[in-house]
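What follows is one structure encoded as structure tokens, with my remarks underneath.
The values are calculated or read from the model by the stated rules, or taken from the named source; none is laboratory data. It should be emphasised that the depicted structure is a prediction, and the values quoted were computed from it without experimental measurement. Positions of Cβ are backbone-derived with ideal geometry, glycine not excepted, and every protein chain shown enters the neighbour counts.
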Amino acid sequence: MSAEPMEIDDTPEGSSGVFLPPVNELPWVEKYRPKSLEDLVAHEEIIETIKRFVGMNALPHLLLHGPPGTGKTSTILACAKQMYPEGQVRQYVLELNASDARGIDVVRECIKQFVSSRSMFSGSLGSKMPKLVILDEADNMTSVSQFALRRVIEQYSSNARFCLICNYSSKIIPALQSRCTKFRFAPLKDSEAKARVEYVARCEGVRISEDGMSALLKTGEGDMRKVLNTLQSCAMSYPGQTVDARVIHKVAGLPQPASIDRLETALCNLPVKECIEAVEDLRVKQGYSVTDLLHEIHDRMVKVNMPPRARNLLFRDLAEIEYRLASGCSEKTQGAALVGSFHEVREMMTTGK
């Protein structure tokens with residue numbers, strides 16, 4: 001089985017290889033992927049450390065972990081472009097991701113075949129630059145494959161460096177973790193994501209309002225990939241229109257703030273029957289999931305001043321309802337449980353018991 005090297009848009013025109021669509025047809029997450037380490041908008045300390053490694057030709061094996069959309073893959077791809085001659089990155093980098101088979105046979109054959117030969121390229125300090133193997137979503141590899149990879153890393157460290165990318169470092173065996181320098185990529189801060197969104201919106205001619213920006217960043221939750229995908233969906237769904245909070249919520253399939261206002265008022269003031277009707281209206285007629293309603297109500301209740309005992313009871317119940325929904329329980333039943341939880345808290349606050 002032959003290994004496919006990393007796909008980067010530096011293939012000379014007319015050469016054979018994977019078809020790359022025109023730049024204006026690319027998803028924005030690819031079109032605006034950082035081309036160099038300087039283009040990255042967050043994690044300054046990590047980037048500076050990696051720059052020093054590259055400048056000294058002393059890049060260690062890396063384990064980049066953290067939530068999706070935080071720049072892990074972009075960082076190592078930008079690093080690869082900085083390490084190797086322009087137009088020749090494909091010769092020195094092997095990237096395997098979730099779409100590739102990564103069982104023990106791939107480790108023993110494809111990866112081993114790639115790293116068994118030395119690079120002919122010398123770095124700025126005169127030493128031979130090692131090849132680079134990027135294993136994206138490495139936490140999906142089986143334990144057997146990870147142990148086989150450990151042996152390959154030990155055997156071919158003089159020829160290649162390995163970069164493991166994952167969401168959960170706990171799913172990487174300790175033997176691999178101990179051989180890598182670990183960097184955790186935290187979710188992007190709103191200020192960091194906002195700067196990139198403004199740049200992309202400017203380049204694409206998209207107008208976005210202040211409330212639209214706030215809604216977009218809240219929806220993204222520090223995931224830059226999710227933010228850009230949502231922005232592109234809004235721009236394509238409503239061409240020529242200003243992207244505001246209403247558009248963001250509609251495209252993302254989230255409840256409108258006005259709907260949550262009405263639900264919050266009902267849960268805090270109306271009888272049980274009317275509260276259930278309010279939940280069912282949003283769930284059945286408007287098509288929102290109870291999970292989304294739960295998250296929105298939780299965000300509102302965090303800001304409400306209430307007695308500690310009542311707050312503890314409410315948040316414990318909300319957590320239990322979310323767990324049941326994630327386990328596959330009926331949305332109708334859990335919607336009623338949401339109403340029951342609020343009425344229990346209201347009774348506690350009224351009677352003081």
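A few remarks follow.
- Inside region 211-225, residues that are surrounded by fewer than 18 Cβ atoms within 10 Å (Cβ to Cβ) and basic (Lys, Arg) make up a count of 1.
- Residue count, region 173-218 (criterion: among the hydroxyl-bearing types (Ser, Thr, Tyr) and in contact with a Ser or Thr (Cβ under 6 Å, 6 or more places away or on another chain)): 1
Conditions tested, residue by residue: (1) closer than 26 Å to residue 92 by Cβ; (2) of a type in the set (A, V, I, L, M).
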{"residue": "137", "(1), (2)": "yes, no"}
{"residue": "149", "(1), (2)": "yes, yes"}
{"residue": "164", "(1), (2)": "yes, yes"}
{"residue": "173", "(1), (2)": "no, yes"}
{"residue": "184", "(1), (2)": "no, no"}
{"residue": "188", "(1), (2)": "no, yes"}
{"residue": "194", "(1), (2)": "no, no"}
{"residue": "197", "(1), (2)": "no, yes"}
{"residue": "202", "(1), (2)": "no, no"}
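- Counting only helices (runs of 4 or more DSSP H) that fall entirely inside region 129-210 and contain at least 2 residues that are assigned by TED's automatic domain parsing to the domain that holds residue 65 and loosely packed, with under 13 Cβ neighbours inside 10 Å, the qualifying elements are 143-155.
- Taking region 216-253 as the range and being part of a loop (DSSP other than H, G, I, E, B) and either touching a His at 6+ places or on another chain (Cβ under 8 Å) or of a type in the set (S, T, N, Q) (or both) as the test, the residues that pass are 241, 242.
- Residue within region 44-52 that is under 30 Å from residue 150 (Cβ atoms) and modelled with pLDDT under 90 present: no
- Condition met for residue 236 (within 24 Å of residue 44 (Cα to Cα) and out of contact with any Phe, Trp or Tyr (no Cβ under 9 Å at 6 or more places or on another chain)): no
- Qualifying residue in region 120-132 (condition: touching a helix residue (DSSP H, G or I) at 6+ places or on another chain (Cβ under 6 Å), modelled with pLDDT of 85 or more and not charged (D, E, K, R)): yes
- The residues listed here are 71, 87, 55; of these, the one that is in contact with a Phe, Trp or Tyr (Cβ under 9 Å, 6 or more places away or on another chain) and of a type in the set (Gly, Ala, Ser) is 71.
- Residue within region 288-297 that is under 18 Å from residue 348 (Cβ atoms) and assigned by TED's automatic domain parsing to the domain that holds residue 346 present: yes
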